[in-house]
Every structure is written in C-alpha cells, then in structure tokens.
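Quick notes on the structure that follows.
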Amino acid sequence: MSEDKARPTVDELYQLLKRTSLPTVLVEGKDDIIFYRRVEEDLREYGVDMLPAGNKGAVLDLYKRLKDEPVQLPIVFVVDNDLWVHGYIDGDEKPDDVITTQGYSIENDLYLDGGLEGLCGADELARFRSDLDRFLYWYALAVSRKLNNKDSTFRTHPGKILDDEEHYTLETTLAENEVYPDEFLDVVKENYSAVLRGKSLFALLVRELSAKRRATKFSVKQLMEIGASRRGENYQRMSSNIKEALDRALMPHGGS
C-alpha cells in the first residue's frame, strides 16, 4: 500500500494511475491503512494496490476524471459515507459504482465489528455512556444544522465539547425560531455506533480506555487494529464489494 507523506494532487495521482501496472483501489486517507492492509492481504491474488488519495473529495474528483479519461488497469473507488449516512448531499452525489462504508466511516465499521465497548469495565462504561449522551445532545443539533445547510461545527473534537462548559452552552443555545431536533436525536442515539462521526466516537471511547488511572491503555489505532482483526460483518461486506468490483473491472470491456 502506498503511504507517501506528502499528499499528492489529483493530477499527480492521475498520472500515477496512468503508469501503474497494478489493479488499484483508491481510498481516502492513509489513516485507514489498518483496515485496508488486511483487505489488501485478502485480495493478494489480484496483486492489488491500495492507494490513499488524501480525502473523499480527491477520490471523487479522480472518479470523475477517470470516467472522462480512462486508464488501462481496473480502478475501484472506496469512500466513507460521512453525511451521506443521513441522505445529505453537499455538492457531490453518491455515484452508484463507488463503494462506501456501511456506517459514517471506516472507524464506525471497525467499531461495530470489534465490540470495543467490551474493553471497558462497568464504571468506565457508565462514564462513557454519560459522556456519549451529553455529546450526542450537542452533536444532533450540530448535524441537524448542517443538514439544513446552516453553519455547523459538528466535527469539533469531543474534548472541546465536553470539557469547556462555556463552549457547550454557547453551541447548544438555540437561535431565534430554531427548534431542537428531538426526533433526530432519538435516531442518532439509537444508531450512534453507525451514524456518529467515527473519529468522535473513537475519541469518546479513548477518554476511558487511555485514562491515567488505567493500567492498560489503548490508542485509537490499537482499537482500530482490534476491530480490523475480527474481520467481522462490515469488514467482510467491504472486502467482498471490492473483490466483486475488481472482478467486474477485469472482465472484457469492464463486464459489459
């Protein structure tokens, strides 16, 4: 898997794809390597290369360019759902032949597969759920604002939200004529493992699993490794979808 430190431009990536001799799976970022390295192992019979494009926008830009200026080797495109998980379209619509995560992001899929909350003791789990409830009250409002095309800071780190009381109060104060999205909060609470932004979800769990009082501490990358190692339902779905896309692309005339 390619892991260049400097993020290449879309044009540089396109030129690289023109020269490569390997079937390529374009993914978002190198931070997801823990997941995609295992998928790469599962697909070693294809000699496939997992290539991080840098972010979702770069993958989709390359998708569009390769539609207009195709290359010889098969290319598969994989991105996080992000707010598509709520049906939100912000500029880029979801192409039918681009593979997406089941939940908000790769982190969510690994979280679900890994049963990671089971690493918490009873007291830790209680604190995690208390933090989660408080965070979700803010998050549902922040995302609702974004879904209604208003200014939103829904990507703010949970530490800032939970540890700065003044900021929390400011962020959760309703504007004039604004109504709190209670129904949306219920949806997010019921499905938080899948629809809460994955980086926020892991950050909340790591507050407990890396606490100073803990003898054994876990980082986000370690937790992702645990999730990936389970090769659970979401992992299998993603690996299978990539394999099927490669099979179609390797058929004469792209499977037509």
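Read the figures in this text as sums done on the coordinates, not as results from a lab. Quantities reported herein were computed from a predicted structural model and do not represent experimental measurements. Note: ideal-geometry Cβ built from the backbone for every residue, glycine included; neighbour counts use all protein chains shown.
At a glance:
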read-out: Whether segment 23-144 is rounded, prolate or oblate, judged on the alpha carbon gyration tensor where a/c under 1.5 counts as rounded; value: oblate
read-out: Per-pair calculated FRET efficiency, R0 = 41 Å: ASP96 and GLU183 via Cβ, rounded to 0.05; value: 0.90
read-out: Around LYS160: net Lys/Arg minus Asp/Glu count, Cβ-Cβ under 12 Å; value: -4
read-out: Local electrostatic count, ASN234, Cβ distance below 10 Å [Lys/Arg +1, Asp/Glu -1]; value: 0
read-out: Debye, to nearest 20: dipole size of the chain, +1 on Lys, Arg Cβ, -1 on Asp, Glu Cβ; value: 760 debye
read-out: For segment 153-256: rounded, prolate or oblate by the Cα gyration tensor [a/c cutoff 1.5]; value: oblate
read-out: Mean separation of Cα contacts under 8 Å, 6 or more apart, over the residue count of segment 1-128: relative contact order %; value: 25 percent
read-out: Net charge over other residues, Cβ less than 10 angstrom from the Cβ of SER200 (K, R count +1; D, E count -1); value: +2
read-out: Label point distance in nm, GLU190-ASN241, each placed 7 Å from Cα along Cα→Cβ; value: 2.2 nm
read-out: Across LYS221/LYS243; LYS150/LYS212; LYS160/LYS243, pairs whose alpha-carbon gap is larger than 31 Å; value: LYS150/LYS212; LYS160/LYS243
read-out: Relative contact order (percent, whole number), the chain, Cα cutoff 8 Å, 6+ residue spacing; value: 23 percent
read-out: Per-residue [θ]222 nm for the chain (sum of -39500 (n - 2.57) over DSSP H runs n ≥ 4, rounded to 500); value: -16000 deg cm²/dmol
read-out: ASP11-LEU73 FRET efficiency (beta carbon distance; Förster radius 25 Å; 0.05 resolution); value: 0.90
read-out: Among 134-143, 8-17, 222-231, the order from most to least packed when residues are scored by Cβ within 10 Å on average; value: 134-143, 222-231, 8-17
read-out: Matching label, mean projected area of the Cα convex hull in nm² computed from the structure shown, candidates [x] 14.4; [y] 15.6; [z] 17.6; value: [y]
read-out: Highest-MSF residue in the chain out of GLU190, GLU244, GLU45 [GNM, Cα springs under 10 Å]; value: GLU45
read-out: Highest-fluctuation residue, ASP80, ASP109, ASP32 considered, GNM on the chain with Cα pairs under 10 Å; value: ASP32
